[in-house]
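A short write-up of the structure that comes next.
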Amino acid sequence: MNTFNFNGTMQFLRRHFKFLCAVFIISGVVSAALSLLLPNYYKSEVLFLPSEVSSISKSLLNEGDRLDPYMFGTEKESEYILEMLSSWQIIEQTAKHFNLREHYGLKDTPLDNEKMVLKLKKNIKVKRSDFLGAKLRVWDKDPQYACDIANYMTEQLQVLRHRMKQAKADSIMKYLDLSRENVRQEIIKLTDSLHTLQAETKNYYPHSMADRFAQEMSKQVAAGNNAAVARLENKMEETNTKSALISLLLTDLEQKSKMMQTWDEHYQQAVLDYESNIPVDFVAQYATVSYKKDKPKRSLIVILAALACTLIAAEVLVVKEKYFSSESENGQDCKA
């Protein structure tokens, strides 16, 4: 046994074949008996297909490149689902909803409450599917619990995503309302100033007023009425100053009206997104009750345990033969 080769190995196995077989059988029987003490766990599974876009206004009202709201999501949307399903918020809410502390046999203490959530998280697995979907798998000793927990987490995912959408929409609506109100107040001020100035000067159409003054000036000049021409010149100078201010107010009012129209369009789109409740995830498969256990795999446990014990026994025999052969060689050398 000084060198490990095929012949030496075969000789070793022939010498200890009965012993190794006995170890394999005994360890298999013992591991089988111990595996019977392990509780059965049942699995329920939910399959999600994420949506491409959750904004109805961006999908249907955008005049540029419209997005198809019926398209499935990409890898990014699938990763979002995995992150949210693994979030502490959903797992803790699920554990409290089903009172899993009592189900797991824990006490009503802060430490046991944390253990409850950690144990549920251990019995949950989220992973990507082969075609950019997301799978939620839940194991429990009770098959009905596994099914109910998986479906409840599916509902909580929708609630969480809707809550996130509402929080963002509330901020957007608040900002849009404030911006629209500021523009509206500016329009009101401009309108009041314009009406006051027009009422004072009786000049409601500056361009038409200038044309009338020009016509009247031509008549008086042709008639040679110098006094009337002088009065018209003074009146035209005063009116032109007011007309320029009125024109400026009209231009500002037109710009503010266009700005208000743009804000109104954005506001209507935001209201549409705010009030719409489009499904952001497609649930291709809800969880069902499965009465066939998923784990533990007792046959695999027995085989692996028996092989491990047999390998350990073989290693002990190798070390033992190595040790005794070294002692016998040392004894012969001493006698010599």
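The values are calculated or read from the model by the stated rules, or taken from the named source; none is laboratory data. Everything quoted here is computed from the prediction, not taken from an experiment. Here the Cβ is made from the backbone with ideal geometry for all residues, glycine too, and neighbour counts use every protein chain on show.
Could you list, in sequence order, the residues of the stretch 118-130 that are among the hydrophobic types (A, V, I, L, M, F, W, C) and surrounded by 15 or more Cβ atoms within 10 Å (Cβ to Cβ)?
Selection gives Leu120, Ile124, Val126.
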Filter result for Lys165 (basic (Lys, Arg) and assigned to a helix (DSSP H, G or I)): yes
Evaluation of Val159 against (1) in the same structural domain as Gln93 (by TED's automatic domain parsing); (2) surrounded by 13 or more Cβ atoms within 10 Å (Cβ to Cβ); (3) modelled with pLDDT of 80 or more (one fails), failing number: (2)
Lone qualifier among Tyr145, Tyr80 - being surrounded by 19 or more Cβ atoms within 10 Å (Cβ to Cβ), among the hydroxyl-bearing types (Ser, Thr, Tyr) and either modelled with pLDDT of 80 or more or outside any strand (DSSP E or B) (or both): Tyr145
Test: residue in the stretch 270-289 that is at pLDDT 70 or above, over 30 Å from Met164 (Cα atoms) and not in a strand (DSSP E or B): yes
Near pairs, Cβ below 8 angstrom, 6+ apart or cross-chain, from the stretch 162-186 (modelled with pLDDT of 80 or more) to any residue that is buried (at least 16 other Cβ atoms within 10 Å of the Cβ) and among the basic types (Lys, Arg): Val183/Lys256; Glu186/Lys256
Any hit, the stretch 153-167, residues being among the hydroxyl-bearing types (Ser, Thr, Tyr) and under 18 Å from the mean Cα position of the chain (by Cα): yes
Residue, farthest from Ala313 (Cα to Cα), within the stretch 12-54, restricted to residues that are touching a Gly at 6+ places or on another chain (Cβ under 7 Å) and in a strand (DSSP E or B): Ser51
Number of the condition not met by Glu315 [criteria: (1) modelled with pLDDT under 80; (2) loosely packed, with under 11 Cβ neighbours inside 10 Å]: (1)
Some residue of the stretch 147-157 being among the charged types (D, E, K, R) and free of Cβ contacts under 8 Å to residues at least 12 places away in the same chain: yes
Count of residues meeting criterion [assigned to a helix (DSSP H, G or I) and surrounded by 12 or more Cβ atoms within 10 Å (Cβ to Cβ)] in the stretch 91-117: 16
